[in-house]
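Let me begin by presenting the structure, written as structure tokens, before commenting on it.
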Amino acid sequence: MDMLGDLESLQFEYGIQEEDRSWLYLQGRSRGLMIKACAHATFFCKLLCNLRESFHEKQTSSCPLTGLLTGIPDDDELKVGIIGGGHLGKQLARVLLQLVPIPAENLRISTRRPEALDEFQKLGIQCFYHNPYLVDWANVLFLCCLPSQLPNICLEIQTRLEKGCIVYSFVAAVPVARLKLLLNHTNILRPQYQCVENFVNIWGANKDITAALQDPVILQATCPYSPAGGIILNIKWLEGVLYAVLNICTARDMPHLQVLQLLNELLLSVHFEDCEKDGASCPKFQLHDFVSQIYSKNLSQRS
């Protein structure tokens, strides 16, 4: 039992003057942003893991001899790198480890103070200060640094980024167009969050992020277009996620019909009980959802 847990003098609000209490809502908003950011990054990494598992299953079923192999080949596993070992970087690492879950050997962190990440090193995660080395290894790279640090980091890594490496930026002050210039790279995802006024703080204060994401109310609020909790994710993020998956499939020379089938299996395979339609009649991804009608027609003719 935590005997000090309810002690008023240890609460965050205790030392705040009455005239400053109107700013306390920012604490809930900051926590909400952190939870949403970690939840959406977890969804993205889980999607990429499922995608790789689907590749392996299809390869095994089409070539029975590969059934002798166990697991996904090392060079095809999701390898996640995090640049930045501050509060966000550490929370993200914990969530990815526990909720995707990403094996410790497939997660590495580059930070100026690797000695401060002892808890992660004990779990088997490599922590060091060598951004180019991390970029050479990872196929998904999370930027969890300060805006002031970004130009130097980009200068270090821009020549090491492979075309297929997905850069996922949490540097809120730097738009995607600027990132593309700094990195000389186009495979970039950057979630944008909009905060609404007069929101109800559902994010809690004492749970860690991993525990918070087990709460059904909080989990529901992390849905991209849910206004619950006062934070909404821009629709462009989901578009970027879909095109990131398409790019991975294109790099494997997959026929477009197989790609559509795979997307439908990964994202639209669950039929909700409150849906009034039958599963077969629910909308599915079509070619024209991703390319123009003219290009879609040309692809269909080539098929």
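Coordinate-derived values only; no laboratory data. All of these numbers come straight from a predicted model, not from anything done at the bench. Every residue, glycine among them, receives a Cβ derived from its backbone with ideal geometry; neighbour counts consider all protein chains shown.
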Original post:
If you stretched the chain out fully between Asp208 and Ser30, how much longer would it get, using 0.36 nm times the residue separation minus the C-alpha to C-alpha distance?
Top reply: 62.7 nm
Original post:
Tell me, Thr186, Thr111 in order of fewest to most beta-carbon neighbours within 10 Å?
Top reply: Thr186, Thr111
Original post:
Taking the mean number of other Cβ atoms within 10 Å as a proxy for protection, how do you rank 119-128, 141-150, 88-97 from highest to lowest?
Top reply: 88-97, 141-150, 119-128
Subject >> Integer Hz, Karplus 6.51/-1.76/1.60 couplings in order for the range 221-235, x for Gly and Pro >> reply: 5, 7, 4, x, 10, 7, x, 4, x, x, 10, 10, 8, 5, 4
Original post:
On full extension of the chain, what length is gained from Leu155 through Glu265, given 0.36 nm per residue of separation minus the C-alpha to C-alpha distance?
Top reply: 35.7 nm
Subject >> Estimated vicinal HN-Hα couplings, Hz - the range 149-164 in sequence order (Karplus 6.51, -1.76, 1.60; Gly, Pro = x) >> reply: 8, 4, x, 5, 5, 4, 4, 5, 10, 4, 7, 9, 6, 6, 4, x
Original post:
Modelled label-to-label distance, Arg113 and Leu257, 7 Å Cα→beta-carbon offset: nm?
Top reply: 5.8 nm
**OP:** Report, by chain and number, residues whose modeled amide H sits under 5 Å from the one on Lys79, excluding near sequence neighbours (fewer than 5 apart, same chain).
**Re:** Asn139, Val140
Original post:
Given a cut-off of under 8 Å on Cα pairs at least six residues apart, what relative contact order in percent is computed for the range 148-251?
Top reply: 26 percent
**OP:** With r as the distance between the Cβ atoms of Leu181 and His130 and R0 = 41 Å, compute the FRET efficiency 1/(1 + (r/R0)^6) and round to 0.05.
**Re:** 0.95
**OP:** Using R₀ = 51 Å, calculate the FRET efficiency as 1/(1 + (r/R₀)^6) where r is the Cβ-Cβ separation of Asn198 and Lys58; round to 0.05.
**Re:** 0.55
Original post:
Of all trypsin sites (Lys or Arg not before Pro) in the range 141-221, which ones are in loop regions per DSSP and have a Cβ with at most 15 other Cβ atoms within 10 Å?
Top reply: Arg160, Lys163, Lys207
Original post:
Taking Lys79 as the anchor, which lysines have their alpha carbon closer than 29 Å to its alpha carbon, excluding any fewer than eight residues away along the same chain?
Top reply: Lys36, Lys46, Lys58, Lys90, Lys122, Lys163, Lys180, Lys207, Lys236
**OP:** Can you put His130, His185 in order of Cβ neighbours within 10 angstrom, beginning with the fewest?
**Re:** His130, His185
**OP:** Using θ = phi - 60° and the Karplus relation 6.51 cos²θ - 1.76 cosθ + 1.60, list the HN-Hα couplings for the range 86-94 in order, rounded to whole Hz, with x at every Gly or Pro.
**Re:** x, 4, 5, x, 5, 5, 4, 4, 4
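Can you put Ser61, Ser169, Ser110 in order of Cβ neighbours within 10 angstrom, beginning with the fewest?
By the 10 Å Cβ count, ascending, the order reads Ser61, Ser169, Ser110.
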Subject >> Chain lengthening between Val174 and Ala104 when straightened (0.36 nm per residue, less Cα-Cα) >> reply: 22.2 nm
